[in-house]
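What follows is one structure encoded as structure tokens, with my remarks underneath.
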């Protein structure tokens, strides 16, 4: 198991290094002057423009510019009159007049809570509906669960979000207005403020997982080892939970690992729909302001987070299927 995790970690490190290289050269080797883009339009002066060029090392070859940025991620970097940027240093945002890492550190908890809560919701609802459809195959419950999945797969966050907020918040008053409250400050306030964004974001995912689980469970129930277990006198409930569900969960975990990137993409739309100040909100803002350092920092940080979650998913998959870690 340890060897398997080490291989996955080394592969993730290589991917991260390649990602940093490709994104940096894509951002800073273009024809447009990066200093001109970084300079705030309302307060851009020749003196500030020259200061930005020096801080971004634009008077040096591109490989030295990259080296300053890359080394700054581990040992920090000096930005002249602005001061020292401690590691991990993702640069300085001249639009917000703050170090990029400070902006990421202030915004990523909201995205993390949104993504984790949404994932728990869509896995719970999707797997539950799929198991219900398989257990009650051909009955009215199967048709209801399948219909809910079809409806959920046809909706979009930007349509469902305002509709759900108008109904459950402003009309019925069942839920609080969506907002992010740090879990460490107010756990209950964090839950009540995020429950609606969690449910709305999960809809586009649990619809697909419900259909996948139903198909996988029915496939598992037709396997020879399931029939052999029943022939030995084991109850349907025991066979369902001990053999069929375990066999169906391994492919679901694989699909979940692939969908992690989509979870963060869904978080971006959800954050804008409910005005939650997370990484998605920050990424869109950086694009609108052409803030290269902030764009690059959010991209690298999000990619590292997705890779780390993929390693965790791979570890869970390896625990369920020993052939994966031995292969």
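The values are calculated or read from the model by the stated rules, or taken from the named source; none is laboratory data. What you are looking at is a predicted structure, and each value in this text was computed from that prediction instead of being measured. A quick note on method: Cβ atoms are made from the backbone with ideal geometry, for glycine too, and the neighbour counts reach across all protein chains shown.
Here are the numbers:
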| item | result |
| --- | --- |
| Residue match in the range 32-49 (condition: free of Cβ contacts under 8 Å to residues at least 60 places away in the same chain and under 30 Å from residue 315 (Cβ atoms)) | no |
| Condition broken by residue 91, with the remaining ones in (1) out of contact with any strand residue (DSSP E or B) (no Cβ under 7 Å at 6 or more places or on another chain); (2) surrounded by fewer than 18 Cβ atoms within 10 Å (Cβ to Cβ); (3) more than 30 Å from residue 316 (Cβ to Cβ) satisfied | (2) |
| Flag for residue 206 being in contact (Cβ under 8 Å) with a residue 12 or more places away in the chain and surrounded by 20 or more Cβ atoms within 10 Å (Cβ to Cβ) | yes |
| First in the range 158-173 and free of Cβ contacts under 8 Å to residues at least 40 places away in the same chain, second anywhere and exposed (fewer than 15 other Cβ atoms within 10 Å of the Cβ), Cβ under 7 Å, 6 or more apart | 168/174; 169/177 |
| Helices (runs of 4 or more DSSP H) enclosed by the range 2-81 - at least 3 residues per element that are under 22 Å from residue 307 (Cα atoms) | 2-28, 62-75 |
| Residue check, residue 180 at pLDDT 80 or above, part of a helix (DSSP H, G or I) and out of contact with any strand residue (DSSP E or B) (no Cβ under 8 Å at 6 or more places or on another chain) | no |
| Residues (surrounded by 18 or more Cβ atoms within 10 Å (Cβ to Cβ) and at pLDDT 80 or above) located in the range 307-327 | 307 |
| Selection from the range 24-41 of residues that are more than 31 Å from the chain's Cα centre (by Cα) and modelled with pLDDT under 80 | 31, 33, 41 |
| Subset of the range 94-111 (residues that are part of a helix (DSSP H, G or I) and surrounded by 16 or more Cβ atoms within 10 Å (Cβ to Cβ)) | 100, 101, 103, 104, 107, 108, 109, 110, 111 |
| The one condition in (1) farther than 20 Å from residue 79 by Cα; (2) surrounded by fewer than 16 Cβ atoms within 10 Å (Cβ to Cβ) that residue 43 fails to fulfil | (1) |
| Lone qualifier among 133, 146 - being in contact (Cβ under 8 Å) with a residue 24 or more places away in the chain, assigned to a helix (DSSP H, G or I) and buried (at least 21 other Cβ atoms within 10 Å of the Cβ) | 133 |
| Single match in 293, 238 (criterion: assigned to a helix (DSSP H, G or I), without any contact (Cβ under 8 Å) to a residue 60 or more places away in the chain and either over 30 Å from residue 91 (Cβ atoms) or in contact with a helix residue (DSSP H, G or I) (Cβ under 9 Å, 6 or more places away or on another chain) (or both)) | 238 |
| All positions within the range 242-275 that are surrounded by 23 or more Cβ atoms within 10 Å (Cβ to Cβ) and modelled with pLDDT of 80 or more | 270, 271, 274 |
| Of all residues in the range 151-161 being surrounded by fewer than 17 Cβ atoms within 10 Å (Cβ to Cβ) and touching a helix residue (DSSP H, G or I) at 6+ places or on another chain (Cβ under 7 Å), the one that is modelled with the lowest pLDDT | 153 |
